[in-house]
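Comments concern the structure below.
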């Protein structure tokens with residue numbers, strides 16, 4: 001019998017059940033693979049079909065030939081005369097396709113070998129699909145696992161069924177990792193390619209800060225406190241804007257926690273990264289003033305058309321408001337979505353004096369011009 005042995009058929013059914021594979025999908029793939037195997041092993045250009053009996057595993061190969069007029073058979077591998085076709089069955093007409101069995105004697109061995117290859121491939125594909133689906137659901141979420149190895153600065157972390165990669169570009173400056181060290185990371189991308197599923201992790205993404213607060217603060221989990229926005233320069237400083245619709249709940253206090261324990265836990269996870277917790281407001285001026293924490297703001301002027309804000313701070317707070325290398329104002333701009341220009345109260349007063357003097361001068365010039373025009377008229 002040219003077929004796949006019963007033992008293999010039984011094993012195939014068990015594997016399909018275990019790996020959640022559809023047996024019909026596997027049989028279809030196997031039949032397609034056997035068509036290619038037949039053509040390769042028997043140097044045939046024939047148009048053939050392979051049919052596998054789903055119960056017995058018996059394999060049959062059929063050459064498919066088109067019925068043509070008796071004198072029109074140009075390619076015997078592809079065509080059959082009407083007379084020859086009707087010897088097989090009187091129902092055939094011109095244009096019909098006749099299936100003629102051409103199963104080789106030793107095709108069972110080829111079929112069994114091909115079946116093993118196809119099933120193995122399908123299992124790999126199914127497992128990849130399962131892993132991809134599982135981790136696609138974890139996109140933009142936290143995962144935790146031990147460091148397995150470090151190659152060229154890239155850190156490989158065991159997160160369960162797969163090894164994920166934390167690239168050099170997604171590691172905060174100055175962070176170092178050791179083998180077996182447990183690390184929390186943000187899943188920034190999940191790719192499914194020829195080499196299988198690839199999980200890309202990040203320790204620099206602002207989403208890491210968001211997820212850590214969501215994990216640490218019960219009020220956020222319960223929806224009482226909402227994270228409105230996050231801005232971050234990894235390894236140095238983060239700002240997070242929070243809000244609560246419940247007037248009895250202080251969103252900043254909830255995130256800081258009793259004796260500061262909640263925010264300290266997050267800072268420890270981020271290797272002592274500084275975290276500013278800002279109260280969000282629907283009033284842009286109020287929100288911008290809060291975003292420049294820890295600096296104190298005297299006034300904020302909003303230009304909605306230009307989406308910009310002019311902020312006045314005390315002279316002694318100017319460097320604090322701007323931050324080292326402009327970091328504080330840069331993070332505040334990202335957090336609020338507004339362009340922010342900061343000046344000191346001394347500079348603002350000088351500008352106001354200059355503007356006042358210019359206005360007075362303009363008024364004097366106008367009065368002199370009017371007087372001169374009046375004299376000319378007389």
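The values are calculated or read from the model by the stated rules, or taken from the named source; none is laboratory data. Owing to the predicted nature of the structure, the values given are computational and were not obtained by experimental measurement. Neighbour counts are summed over all protein chains in view; Cβ atoms, including those assigned to glycine, are modelled from backbone coordinates with ideal geometry.
So here's what we get for this one:
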{"item": "The listed residue being assigned to a helix (DSSP H, G or I), closer than 22 Å to residue 124 by Cα and in contact (Cβ under 8 Å) with a residue 40 or more places away in the chain, out of 15, 21", "result": "15"}
{"item": "Filter result (assigned to a helix (DSSP H, G or I) and out of contact with any helix residue (DSSP H, G or I) (no Cβ under 8 Å at 6 or more places or on another chain)) within the stretch 97-120", "result": "108, 109, 113, 120"}
{"item": "Hey, residue 253 out of contact with any helix residue (DSSP H, G or I) (no Cβ under 8 Å at 6 or more places or on another chain) and at pLDDT 95 or above or not", "result": "yes"}
{"item": "The stretch 58-96 - residue that is more than 20 Å from residue 35 (Cβ to Cβ) and part of a strand (DSSP E or B) and, of those, nearest to the chain's Cα centre (by Cα)", "result": "67"}
{"item": "Residue count, the stretch 263-293 (criterion: surrounded by fewer than 21 Cβ atoms within 10 Å (Cβ to Cβ), assigned to a helix (DSSP H, G or I) and touching a helix residue (DSSP H, G or I) at 6+ places or on another chain (Cβ under 8 Å))", "result": "4"}
{"item": "The stretch 302-324: number of residues that are loosely packed, with under 14 Cβ neighbours inside 10 Å and within 12 Å of residue 338 (Cα to Cα)", "result": "5"}
{"item": "Residue tally, condition touching a strand residue (DSSP E or B) at 6+ places or on another chain (Cβ under 8 Å), in contact (Cβ under 8 Å) with a residue 40 or more places away in the chain and not in a loop (DSSP other than H, G, I, E, B), over the stretch 24-49", "result": "5"}
{"item": "Of residues in the stretch 185-214 being in a helix (DSSP H, G or I) and touching a helix residue (DSSP H, G or I) at 6+ places or on another chain (Cβ under 8 Å), the one surrounded by the fewest Cβ atoms within 10 Å (Cβ to Cβ)", "result": "214"}
{"item": "Some residue of the stretch 195-215 being without any contact (Cβ under 8 Å) to a residue 12 or more places away in the chain and either closer than 19 Å to residue 164 by Cβ or within 23 Å of the chain's Cα centre (by Cα) (or both)", "result": "yes"}
{"item": "Scope the stretch 235-253; condition in a loop (DSSP other than H, G, I, E, B) and either touching a strand residue (DSSP E or B) at 6+ places or on another chain (Cβ under 9 Å) or free of Cβ contacts under 8 Å to residues at least 40 places away in the same chain (or both); matching residues", "result": "236, 245, 246, 247, 248, 249, 250"}
